[in-house]
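The values are calculated or read from the model by the stated rules, or taken from the named source; none is laboratory data. No experiment lies behind these values; they were computed from the predicted model shown. Glycine gets a Cβ as well: all are built from the backbone with ideal geometry, and neighbour counts include every protein chain shown. To get the accessible areas, we keep the full protein, side chains included, count just its heavy atoms, and leave off ligands, DNA and RNA. Shrake-Rupley method; radii C 1.70, N 1.55, O 1.52, S 1.80 Å.
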Amino acid sequence: MKIGNTIEEYVRSKEPATRSALLMYESAKRLKIPPGAVQEMVKPYAVRIQRLPVPILGQVVNVISGIVLHNRARGPYKGGIRLDKDVDLWETTELARLMTLKTALSGIELGGGKSGISVDLRALYAHMTRKKRFNGAYREFERVAKIDILSEFAHHFAPLFASHEYVPAPDMGTSGSEMVRIYNETRDPASVTGKPDGIEGWLPGRAESTGYGVYYAILKDMEHRGTAPSDCTIALQGFGKVGSHAARYLFEAGARVIAITDILGGVKDDGGLDVPELLLHCRQAGCLQGAKAKSITNDALFKLKCDYLIPAASGHVIHKDNAKTIGAKVIVEAANMPVTFDGMKTLHERKVPIIPDTYANAGGVIASNLEYRQALGGPKHTKDSVLAEIRHRFDTMLEDMHLFMRKGRTMLQASTDIALARVYETMVQRGLL
Ligand code: NAD
(Lines give C-alpha, C1' and ligand atoms only; values in the text may rest on other atoms or scores of the structure.)
Protein backbone atom coordinates (compact mmCIF):
# COMPACT_ATOMS: atom_id res chain seq x y z
CA MET A 1 0.00 0.00 0.00
CA LYS A 2 1.27 3.49 -0.85
CA ILE A 3 0.30 6.13 1.67
CA GLY A 4 2.71 8.88 0.64
CA ASN A 5 6.18 9.45 -0.68
CA THR A 6 9.30 7.60 0.44
CA ILE A 7 12.30 9.78 1.38
CA GLU A 8 13.74 9.23 -2.13
CA GLU A 9 10.49 10.28 -3.75
CA TYR A 10 10.24 13.15 -1.32
CA VAL A 11 13.69 14.51 -2.19
CA ARG A 12 13.54 13.62 -5.89
CA SER A 13 16.70 14.85 -7.61
CA LYS A 14 17.77 18.24 -8.84
CA GLU A 15 15.22 20.96 -8.21
CA PRO A 16 12.97 21.21 -11.26
CA ALA A 17 12.60 24.61 -12.94
CA THR A 18 10.00 26.17 -10.71
CA ARG A 19 7.87 29.20 -11.38
CA SER A 20 9.06 31.25 -8.41
CA ALA A 21 12.73 30.65 -9.32
CA LEU A 22 12.14 31.53 -12.98
CA LEU A 23 10.23 34.67 -12.00
CA MET A 24 13.07 35.67 -9.67
CA TYR A 25 15.72 35.17 -12.37
CA GLU A 26 13.68 37.25 -14.82
CA SER A 27 13.13 39.92 -12.21
CA ALA A 28 16.84 40.01 -11.23
CA LYS A 29 17.70 40.84 -14.85
CA ARG A 30 15.26 43.77 -14.84
CA LEU A 31 16.60 44.95 -11.47
CA LYS A 32 20.23 44.32 -12.48
CA ILE A 33 20.86 42.11 -9.44
CA PRO A 34 24.05 40.08 -10.06
CA PRO A 35 23.34 36.44 -11.16
CA GLY A 36 25.39 35.03 -8.25
CA ALA A 37 23.32 36.98 -5.76
CA VAL A 38 19.96 35.91 -7.14
CA GLN A 39 21.08 32.30 -7.11
CA GLU A 40 21.74 32.66 -3.37
CA MET A 41 18.29 34.16 -2.95
CA VAL A 42 16.59 31.34 -4.87
CA LYS A 43 18.15 28.53 -2.80
CA PRO A 44 16.80 27.68 0.65
CA TYR A 45 18.90 28.26 3.73
CA ALA A 46 18.09 24.89 5.30
CA VAL A 47 16.00 21.80 4.69
CA ARG A 48 14.97 19.36 7.37
CA ILE A 49 13.41 16.03 6.52
CA GLN A 50 11.84 14.01 9.27
CA ARG A 51 10.27 10.57 9.37
CA LEU A 52 7.28 10.59 11.71
CA PRO A 53 6.33 7.22 13.23
CA VAL A 54 2.66 7.88 13.96
CA PRO A 55 0.44 5.45 15.84
CA ILE A 56 -2.90 5.44 14.01
CA LEU A 57 -5.68 2.99 14.98
CA GLY A 58 -3.14 0.87 16.84
CA GLN A 59 -0.66 0.64 13.94
CA VAL A 60 2.53 2.63 13.44
CA VAL A 61 2.46 4.47 10.13
CA ASN A 62 5.66 6.15 8.93
CA VAL A 63 4.96 9.50 7.37
CA ILE A 64 7.60 11.66 5.67
CA SER A 65 7.65 15.33 6.51
CA GLY A 66 9.93 18.25 5.76
CA ILE A 67 10.53 21.86 6.71
CA VAL A 68 12.20 24.26 4.28
CA LEU A 69 13.69 27.39 5.82
CA HIS A 70 14.09 29.60 2.79
CA ASN A 71 15.03 33.12 3.83
CA ARG A 72 15.00 35.00 7.15
CA ALA A 73 16.71 38.21 6.06
CA ARG A 74 13.64 40.29 6.92
CA GLY A 75 12.34 38.31 9.91
CA PRO A 76 11.57 34.78 11.18
CA TYR A 77 10.87 32.06 8.60
CA LYS A 78 7.11 32.04 8.11
CA GLY A 79 4.87 29.63 6.22
CA GLY A 80 2.12 27.08 6.57
CA ILE A 81 2.08 23.31 7.00
CA ARG A 82 0.73 21.48 3.95
CA LEU A 83 -0.56 17.95 4.40
CA ASP A 84 -1.32 16.26 1.10
CA LYS A 85 -0.50 13.09 -0.82
CA ASP A 86 1.39 14.96 -3.56
CA VAL A 87 3.73 16.92 -1.27
CA ASP A 88 7.41 16.60 -2.11
CA LEU A 89 10.54 18.49 -1.13
CA TRP A 90 10.61 20.71 -4.20
CA GLU A 91 7.01 21.72 -3.82
CA THR A 92 7.73 22.65 -0.19
CA THR A 93 10.84 24.56 -1.31
CA GLU A 94 8.92 26.46 -3.93
CA LEU A 95 6.18 27.32 -1.45
CA ALA A 96 8.81 28.50 1.08
CA ARG A 97 10.39 30.74 -1.58
CA LEU A 98 6.99 32.14 -2.39
CA MET A 99 6.55 33.05 1.27
CA THR A 100 9.81 35.03 1.17
CA LEU A 101 8.41 37.03 -1.74
CA LYS A 102 4.95 37.36 -0.18
CA THR A 103 6.13 38.65 3.19
CA ALA A 104 8.49 41.11 1.46
CA LEU A 105 5.76 42.39 -0.89
CA SER A 106 3.32 42.94 1.96
CA GLY A 107 6.03 44.78 3.92
CA ILE A 108 5.81 42.68 7.09
CA GLU A 109 8.81 41.72 9.20
CA LEU A 110 8.86 38.03 8.36
CA GLY A 111 10.80 35.76 6.02
CA GLY A 112 9.82 32.62 4.13
CA GLY A 113 9.53 28.98 5.14
CA LYS A 114 7.15 26.06 4.63
CA SER A 115 6.35 22.58 5.91
CA GLY A 116 5.16 19.60 3.89
CA ILE A 117 3.73 16.34 5.18
CA SER A 118 3.31 13.67 2.55
CA VAL A 119 0.39 11.37 3.27
CA ASP A 120 -2.57 9.98 1.34
CA LEU A 121 -5.20 9.70 4.05
CA ARG A 122 -7.84 8.25 1.73
CA ALA A 123 -5.50 5.40 0.72
CA LEU A 124 -4.56 4.85 4.35
CA TYR A 125 -8.22 4.72 5.38
CA ALA A 126 -9.08 2.26 2.60
CA HIS A 127 -6.11 0.09 3.60
CA MET A 128 -6.77 0.12 7.33
CA THR A 129 -10.52 -0.29 7.28
CA ARG A 130 -10.99 -2.02 3.89
CA LYS A 131 -13.67 0.59 3.19
CA LYS A 132 -13.78 2.69 0.06
CA ARG A 133 -16.66 5.00 1.01
CA PHE A 134 -15.42 8.37 2.21
CA ASN A 135 -18.43 9.13 4.38
CA GLY A 136 -18.79 10.39 7.97
CA ALA A 137 -16.62 7.54 9.29
CA TYR A 138 -13.81 8.62 6.95
CA ARG A 139 -14.13 12.24 8.09
CA GLU A 140 -13.72 11.15 11.68
CA PHE A 141 -10.70 9.02 10.70
CA GLU A 142 -9.19 11.99 8.82
CA ARG A 143 -9.74 14.29 11.80
CA VAL A 144 -8.09 11.92 14.27
CA ALA A 145 -5.25 10.88 11.92
CA LYS A 146 -4.33 14.53 11.22
CA ILE A 147 -4.20 15.27 14.94
CA ASP A 148 -1.99 12.19 15.50
CA ILE A 149 0.35 13.16 12.65
CA LEU A 150 0.60 16.80 13.73
CA SER A 151 1.21 15.78 17.36
CA GLU A 152 4.22 13.76 16.21
CA PHE A 153 5.37 16.57 13.91
CA ALA A 154 5.03 19.11 16.74
CA HIS A 155 6.98 16.83 19.08
CA HIS A 156 9.91 16.43 16.65
CA PHE A 157 10.17 20.08 15.74
CA ALA A 158 9.23 21.61 19.11
CA PRO A 159 12.67 23.23 19.72
CA LEU A 160 12.52 24.94 16.32
CA PHE A 161 8.99 26.24 16.96
CA ALA A 162 9.84 27.33 20.52
CA SER A 163 12.85 29.27 19.19
CA HIS A 164 10.55 31.38 16.94
CA GLU A 165 13.06 30.85 14.13
CA TYR A 166 10.27 29.31 12.07
CA VAL A 167 6.65 30.16 12.85
CA PRO A 168 4.22 27.73 11.19
CA ALA A 169 0.51 28.14 10.37
CA PRO A 170 -2.21 26.13 8.59
CA ASP A 171 -2.05 25.50 4.85
CA MET A 172 -3.84 23.08 2.55
CA GLY A 173 -4.87 19.99 4.48
CA THR A 174 -4.31 21.45 7.96
CA SER A 175 -6.31 23.83 10.15
CA GLY A 176 -6.42 25.43 13.57
CA SER A 177 -7.24 22.08 15.20
CA GLU A 178 -3.81 20.79 14.21
CA MET A 179 -2.02 24.05 15.16
CA VAL A 180 -3.26 23.40 18.69
CA ARG A 181 -0.91 20.38 18.78
CA ILE A 182 2.06 22.69 18.30
CA TYR A 183 0.82 24.96 21.06
CA ASN A 184 0.30 21.92 23.33
CA GLU A 185 3.91 20.90 22.75
CA THR A 186 5.53 24.34 23.22
CA ARG A 187 2.94 26.02 25.52
CA ASP A 188 4.00 29.18 23.72
CA PRO A 189 1.36 31.24 21.89
CA ALA A 190 4.00 32.85 19.64
CA SER A 191 5.31 29.48 18.39
CA VAL A 192 2.47 29.01 15.88
CA THR A 193 -0.24 31.12 14.21
CA GLY A 194 -3.69 30.22 12.93
CA LYS A 195 -4.67 29.01 16.40
CA PRO A 196 -8.43 28.54 16.82
CA ASP A 197 -10.55 30.92 18.88
CA GLY A 198 -10.03 30.46 22.59
CA ILE A 199 -6.45 29.14 22.41
CA GLU A 200 -4.00 31.50 24.14
CA GLY A 201 -2.86 34.15 21.67
CA TRP A 202 -5.57 33.49 19.04
CA LEU A 203 -6.43 36.29 16.67
CA PRO A 204 -10.03 37.26 15.86
CA GLY A 205 -10.43 37.33 12.06
CA ARG A 206 -7.48 34.97 11.35
CA ALA A 207 -9.80 32.24 10.03
CA GLU A 208 -11.33 34.48 7.35
CA SER A 209 -8.21 36.60 6.72
CA THR A 210 -6.95 34.92 3.52
CA GLY A 211 -10.41 34.71 1.93
CA TYR A 212 -11.11 38.29 2.95
CA GLY A 213 -7.90 39.43 1.27
CA VAL A 214 -8.82 37.55 -1.92
CA TYR A 215 -12.22 39.26 -1.90
CA TYR A 216 -10.64 42.68 -1.25
CA ALA A 217 -8.12 42.22 -4.09
CA ILE A 218 -11.02 41.42 -6.45
CA LEU A 219 -13.01 44.40 -5.20
CA LYS A 220 -10.04 46.68 -5.94
CA ASP A 221 -9.70 45.14 -9.40
CA MET A 222 -13.40 45.75 -10.06
CA GLU A 223 -12.97 49.39 -8.99
CA HIS A 224 -9.99 49.70 -11.35
CA ARG A 225 -12.04 48.28 -14.23
CA GLY A 226 -15.02 50.51 -13.42
CA THR A 227 -17.31 47.61 -12.62
CA ALA A 228 -19.11 46.38 -9.49
CA PRO A 229 -19.71 43.02 -7.77
CA SER A 230 -23.33 42.92 -8.97
CA ASP A 231 -22.10 43.02 -12.59
CA CYS A 232 -19.57 40.23 -12.14
CA THR A 233 -19.59 36.44 -12.29
CA ILE A 234 -17.19 34.23 -10.34
CA ALA A 235 -15.96 30.65 -10.76
CA LEU A 236 -14.06 29.13 -7.86
CA GLN A 237 -11.94 26.01 -7.44
CA GLY A 238 -11.55 24.93 -3.81
CA PHE A 239 -14.08 25.49 -1.05
CA GLY A 240 -11.78 25.11 1.95
CA LYS A 241 -10.40 27.65 4.41
CA VAL A 242 -9.58 30.18 1.69
CA GLY A 243 -12.21 29.54 -1.01
CA SER A 244 -15.21 29.36 1.32
CA HIS A 245 -14.58 32.75 2.92
CA ALA A 246 -13.72 34.40 -0.41
CA ALA A 247 -16.99 33.03 -1.88
CA ARG A 248 -19.01 34.23 1.11
CA TYR A 249 -17.62 37.78 1.01
CA LEU A 250 -18.16 37.99 -2.78
CA PHE A 251 -21.69 36.62 -2.45
CA GLU A 252 -22.48 39.13 0.33
CA ALA A 253 -21.15 41.94 -1.88
CA GLY A 254 -23.63 40.92 -4.59
CA ALA A 255 -21.37 39.05 -7.05
CA ARG A 256 -22.84 36.03 -8.86
CA VAL A 257 -20.84 32.93 -7.90
CA ILE A 258 -21.77 30.65 -10.81
CA ALA A 259 -19.63 27.58 -10.09
CA ILE A 260 -17.60 26.05 -7.27
CA THR A 261 -15.61 22.81 -7.27
CA ASP A 262 -13.68 20.81 -4.71
CA ILE A 263 -11.59 17.65 -4.90
CA LEU A 264 -14.64 15.43 -5.39
CA GLY A 265 -16.57 17.48 -7.95
CA GLY A 266 -18.54 20.68 -8.09
CA VAL A 267 -21.77 22.61 -8.46
CA LYS A 268 -22.96 25.23 -10.90
CA ASP A 269 -25.83 27.64 -11.43
CA ASP A 270 -25.71 30.35 -14.11
CA GLY A 271 -28.17 32.39 -12.04
CA GLY A 272 -25.83 32.32 -9.04
CA LEU A 273 -25.27 29.71 -6.34
CA ASP A 274 -26.60 30.14 -2.83
CA VAL A 275 -23.21 30.31 -1.09
CA PRO A 276 -24.49 30.32 2.55
CA GLU A 277 -26.56 27.20 1.79
CA LEU A 278 -23.48 25.50 0.28
CA LEU A 279 -21.43 26.40 3.34
CA LEU A 280 -24.06 24.78 5.53
CA HIS A 281 -24.13 21.70 3.29
CA CYS A 282 -20.31 21.39 3.42
CA ARG A 283 -20.25 21.77 7.17
CA GLN A 284 -22.50 18.72 7.40
CA ALA A 285 -21.31 16.65 4.40
CA GLY A 286 -17.63 17.68 4.35
CA CYS A 287 -17.72 18.31 0.58
CA LEU A 288 -19.91 19.80 -2.16
CA GLN A 289 -21.16 16.40 -3.29
CA GLY A 290 -24.87 16.02 -2.69
CA ALA A 291 -25.62 19.77 -2.72
CA LYS A 292 -28.79 20.79 -4.57
CA ALA A 293 -27.40 22.17 -7.86
CA LYS A 294 -26.23 21.00 -11.27
CA SER A 295 -22.83 19.36 -11.16
CA ILE A 296 -19.66 20.51 -12.90
CA THR A 297 -16.16 19.05 -13.19
CA ASN A 298 -12.92 20.88 -12.43
CA ASP A 299 -12.00 20.82 -16.15
CA ALA A 300 -15.32 22.36 -17.16
CA LEU A 301 -14.97 25.02 -14.44
CA PHE A 302 -11.79 26.34 -16.05
CA LYS A 303 -13.56 26.75 -19.40
CA LEU A 304 -16.54 28.65 -17.99
CA LYS A 305 -17.11 32.16 -19.33
CA CYS A 306 -16.94 34.39 -16.28
CA ASP A 307 -15.31 37.59 -15.04
CA TYR A 308 -13.08 36.11 -12.33
CA LEU A 309 -11.71 32.58 -12.03
CA ILE A 310 -10.36 31.93 -8.53
CA PRO A 311 -8.20 28.83 -8.18
CA ALA A 312 -8.16 28.27 -4.39
CA ALA A 313 -6.96 24.68 -4.12
CA SER A 314 -3.67 23.10 -5.16
CA GLY A 315 -0.84 24.46 -7.31
CA HIS A 316 -0.09 24.13 -11.05
CA VAL A 317 -3.71 23.55 -12.05
CA ILE A 318 -3.56 26.05 -14.93
CA HIS A 319 -0.81 25.06 -17.36
CA LYS A 320 0.17 25.52 -20.97
CA ASP A 321 -2.49 23.06 -22.21
CA ASN A 322 -5.59 24.32 -20.45
CA ALA A 323 -4.48 28.00 -20.37
CA LYS A 324 -5.56 28.15 -24.04
CA THR A 325 -9.16 27.43 -23.13
CA ILE A 326 -9.58 29.38 -19.89
CA GLY A 327 -12.91 31.19 -20.20
CA ALA A 328 -12.40 33.83 -17.48
CA LYS A 329 -11.44 37.45 -18.08
CA VAL A 330 -9.17 37.59 -14.99
CA ILE A 331 -7.41 34.90 -12.90
CA VAL A 332 -7.09 35.49 -9.16
CA GLU A 333 -4.44 33.35 -7.50
CA ALA A 334 -6.03 32.55 -4.17
CA ALA A 335 -4.02 29.31 -4.15
CA ASN A 336 -0.24 29.36 -4.14
CA MET A 337 1.10 29.10 -7.69
CA PRO A 338 -2.02 27.72 -9.35
CA VAL A 339 -0.69 28.92 -12.74
CA THR A 340 2.54 27.37 -14.06
CA PHE A 341 5.27 29.46 -15.69
CA ASP A 342 4.20 28.19 -19.16
CA GLY A 343 0.56 28.77 -18.31
CA MET A 344 1.40 32.38 -17.37
CA LYS A 345 3.00 32.97 -20.77
CA THR A 346 -0.06 31.61 -22.61
CA LEU A 347 -2.43 33.69 -20.51
CA HIS A 348 -0.26 36.76 -21.13
CA GLU A 349 -0.45 36.18 -24.91
CA ARG A 350 -4.23 35.82 -24.60
CA LYS A 351 -4.30 39.07 -22.56
CA VAL A 352 -5.85 37.35 -19.52
CA PRO A 353 -4.40 39.18 -16.49
CA ILE A 354 -3.28 37.33 -13.38
CA ILE A 355 -3.71 38.81 -9.93
CA PRO A 356 -0.70 37.10 -8.33
CA ASP A 357 -0.65 34.89 -5.24
CA THR A 358 1.95 36.98 -3.40
CA TYR A 359 -0.67 39.75 -3.31
CA ALA A 360 -4.07 38.01 -3.64
CA ASN A 361 -3.63 35.51 -0.81
CA ALA A 362 -1.42 37.63 1.47
CA GLY A 363 -4.30 38.32 3.88
CA GLY A 364 -3.44 35.17 5.84
CA VAL A 365 0.17 36.03 6.50
CA ILE A 366 -0.68 39.66 7.26
CA ALA A 367 -3.08 38.39 9.94
CA SER A 368 -0.52 35.80 11.10
CA ASN A 369 1.99 38.60 11.59
CA LEU A 370 -0.49 40.39 13.88
CA GLU A 371 -1.16 37.13 15.74
CA TYR A 372 2.56 36.53 16.24
CA ARG A 373 3.26 40.11 17.40
CA GLN A 374 0.21 40.06 19.70
CA ALA A 375 1.47 36.82 21.29
CA LEU A 376 4.84 38.49 21.85
CA GLY A 377 3.09 41.23 23.85
CA GLY A 378 2.07 43.59 21.04
CA PRO A 379 -1.34 45.28 20.83
CA LYS A 380 -4.52 43.20 21.15
CA HIS A 381 -6.62 43.03 18.00
CA THR A 382 -10.28 42.80 17.18
CA LYS A 383 -11.67 41.28 13.98
CA ASP A 384 -12.30 44.82 12.67
CA SER A 385 -8.72 45.92 13.32
CA VAL A 386 -7.37 42.76 11.61
CA LEU A 387 -9.50 43.28 8.50
CA ALA A 388 -8.57 47.00 8.48
CA GLU A 389 -4.87 46.08 8.57
CA ILE A 390 -5.41 43.72 5.62
CA ARG A 391 -7.13 46.49 3.63
CA HIS A 392 -4.35 48.94 4.50
CA ARG A 393 -1.58 46.52 3.45
CA PHE A 394 -3.44 45.59 0.24
CA ASP A 395 -3.90 49.29 -0.66
CA THR A 396 -0.18 49.88 -0.12
CA MET A 397 0.83 46.79 -2.14
CA LEU A 398 -1.44 47.90 -4.97
CA GLU A 399 -0.01 51.44 -4.99
CA ASP A 400 3.53 50.00 -5.01
CA MET A 401 2.70 47.59 -7.86
CA HIS A 402 0.99 50.31 -9.91
CA LEU A 403 4.20 52.38 -9.82
CA PHE A 404 5.98 49.47 -11.55
CA MET A 405 3.02 48.63 -13.82
CA ARG A 406 3.10 52.19 -15.19
CA LYS A 407 6.53 51.25 -16.53
CA GLY A 408 4.93 48.44 -18.56
CA ARG A 409 5.23 45.52 -16.14
CA THR A 410 2.47 43.01 -15.51
CA MET A 411 1.18 42.74 -11.97
CA LEU A 412 3.07 39.47 -11.55
CA GLN A 413 6.32 41.08 -12.70
CA ALA A 414 5.72 44.15 -10.54
CA SER A 415 5.03 42.06 -7.44
CA THR A 416 8.19 39.98 -7.97
CA ASP A 417 10.37 43.03 -8.64
CA ILE A 418 9.23 44.80 -5.47
CA ALA A 419 9.67 41.73 -3.29
CA LEU A 420 13.02 40.70 -4.74
CA ALA A 421 14.45 44.22 -4.49
CA ARG A 422 13.43 44.39 -0.82
CA VAL A 423 14.97 41.02 0.07
CA TYR A 424 18.13 41.84 -1.89
CA GLU A 425 18.58 45.24 -0.23
CA THR A 426 18.11 43.76 3.24
CA MET A 427 20.54 40.92 2.55
CA VAL A 428 23.16 43.35 1.30
CA GLN A 429 22.58 45.64 4.29
CA ARG A 430 22.95 42.72 6.68
CA GLY A 431 26.08 41.44 4.98
CA LEU A 432 24.38 38.25 3.83
CA LEU A 433 25.29 38.77 0.18
P1 NAD B 1 -8.01 23.58 2.47
O2 NAD B 1 -7.39 22.27 2.68
O3 NAD B 1 -8.75 24.24 3.57
O4 NAD B 1 -9.03 23.51 1.22
C5 NAD B 1 -8.62 23.05 -0.03
C6 NAD B 1 -9.83 22.97 -0.95
O7 NAD B 1 -9.36 22.61 -2.25
C8 NAD B 1 -10.84 21.89 -0.55
O9 NAD B 1 -12.13 22.33 -0.89
C10 NAD B 1 -10.42 20.70 -1.42
O11 NAD B 1 -11.47 19.78 -1.66
C12 NAD B 1 -10.02 21.43 -2.70
N13 NAD B 1 -9.08 20.66 -3.50
C14 NAD B 1 -7.92 20.08 -3.10
N15 NAD B 1 -7.33 19.48 -4.15
C16 NAD B 1 -8.12 19.71 -5.23
C17 NAD B 1 -8.07 19.34 -6.58
N18 NAD B 1 -7.05 18.60 -7.05
N19 NAD B 1 -9.07 19.75 -7.40
C20 NAD B 1 -10.08 20.49 -6.93
N21 NAD B 1 -10.20 20.88 -5.66
C22 NAD B 1 -9.23 20.47 -4.82
O23 NAD B 1 -6.84 24.53 1.92
P24 NAD B 1 -6.76 26.12 2.02
O25 NAD B 1 -6.10 26.48 3.29
O26 NAD B 1 -8.08 26.72 1.67
O27 NAD B 1 -5.67 26.42 0.89
C28 NAD B 1 -6.02 26.50 -0.47
C29 NAD B 1 -4.89 27.16 -1.23
O30 NAD B 1 -4.65 28.48 -0.71
C31 NAD B 1 -3.55 26.43 -1.17
O32 NAD B 1 -2.87 26.60 -2.37
C33 NAD B 1 -2.81 27.19 -0.07
O34 NAD B 1 -1.40 27.07 -0.18
C35 NAD B 1 -3.30 28.60 -0.34
N36 NAD B 1 -3.18 29.51 0.81
C37 NAD B 1 -3.78 29.21 1.99
C38 NAD B 1 -3.69 30.10 3.05
C39 NAD B 1 -4.40 29.86 4.36
O40 NAD B 1 -4.41 30.77 5.20
N41 NAD B 1 -5.00 28.71 4.58
C42 NAD B 1 -2.97 31.30 2.91
C43 NAD B 1 -2.38 31.58 1.68
C44 NAD B 1 -2.50 30.67 0.64
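Summary of values
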quantity	calculated
Lone unmet requirement of (1) out of contact with any Pro (no Cβ under 7 Å at 6 or more places or on another chain); (2) closer than 13 Å to Val365 by Cβ for Ala73	(2)
Scope segment 407-433; condition more than 25 Å from Tyr216 (Cβ to Cβ) and open to solvent by less than 50 Å² (accessible area, probe 1.4 Å); matching residues	Thr426, Met427
Subset of segment 12-67 [of a type in the set (Phe, Trp, Tyr) and part of a helix (DSSP H, G or I)]	Tyr25
Subset of segment 161-187 [away from the ligand (no atom under 16 Å from the Cβ) and either open to solvent by 20 Å² or more (accessible area, probe 1.4 Å) or polar (S, T, N, Q) (or both)]	Ala162, Ser163, His164, Glu165, Arg181, Tyr183, Asn184, Glu185, Thr186, Arg187
Residue in segment 23-42 that is touching an Asp or Glu at 6+ places or on another chain (Cβ under 6 Å), buried (at least 21 other Cβ atoms within 10 Å of the Cβ) and not β-branched (Val, Ile, Thr) present	yes
Leading residue by the ranking (nearest to Arg30 (Cα to Cα)) among those in segment 370-406 that are open to solvent by less than 10 Å² (accessible area, probe 1.4 Å) and within 14 Å of the ligand (Cβ to nearest atom)	Phe394
Residue match in segment 284-295 (condition: in contact (Cβ under 8 Å) with a residue 40 or more places away in the chain and open to solvent by 30 Å² or more (accessible area, probe 1.4 Å))	yes
Condition check for Ala145: of a type in the set (Gly, Ala, Ser), out of contact with any His (no Cβ under 6 Å at 6 or more places or on another chain), in a helix (DSSP H, G or I) and in the same structural domain as Arg122 (by TED's automatic domain parsing)	yes
Check on Gly238, buried (at least 18 other Cβ atoms within 10 Å of the Cβ) and touching a Ser or Thr at 6+ places or on another chain (Cβ under 8 Å)	yes
Pick from segment 196-226, criterion surrounded by fewer than 19 Cβ atoms within 10 Å (Cβ to Cβ) and among the basic types (Lys, Arg), ranking: nearest to Tyr372 (Cα to Cα)	Lys220
Subset of segment 223-254 (residues that are farther than 21 Å from Leu398 by Cα, free of Cβ contacts under 8 Å to residues at least 40 places away in the same chain and assigned to a loop (DSSP other than H, G, I, E, B))	Gly254
Whichever residue in segment 315-341 is open to solvent by 30 Å² or more (accessible area, probe 1.4 Å) and in contact with an Asp or Glu (Cβ under 7 Å, 6 or more places away or on another chain) and, among such residues, is farthest from the ligand (Cβ to nearest atom)	Lys329
Boolean, Gly66 is open to solvent by less than 40 Å² (accessible area, probe 1.4 Å) and more than 19 Å from Thr18 (Cα to Cα)	no
Those residues of segment 355-382 which are aliphatic (A, V, I, L, M), part of a loop (DSSP other than H, G, I, E, B) and closer than 19 Å to Asp188 by Cβ, in sequence order	Leu376
Residue check, Ala362 within 18 Å of Gly75 (Cβ to Cβ) and among the small types (Gly, Ala, Ser)	yes
Test result for Asp269, open to solvent by 10 Å² or more (accessible area, probe 1.4 Å), under 24 Å from the mean Cα position of the chain (by Cα) and not aliphatic (A, V, I, L, M)	no
Flag for Ile310 being without any contact (Cβ under 8 Å) to a residue 40 or more places away in the chain and open to solvent by less than 20 Å² (accessible area, probe 1.4 Å)	no
Options Ala253, Ala190: the member that is surrounded by fewer than 24 Cβ atoms within 10 Å (Cβ to Cβ) and more than 24 Å from Glu165 (Cα to Cα)	Ala253
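Residues checked against (1) at pLDDT 95 or above; (2) assigned by TED's automatic domain parsing to the domain that holds Leu121:
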residue	(1), (2)
Lys32	yes, no
Pro35	no, no
Leu52	yes, yes
Gln59	no, yes
Ser65	yes, yes
Asn71	yes, yes
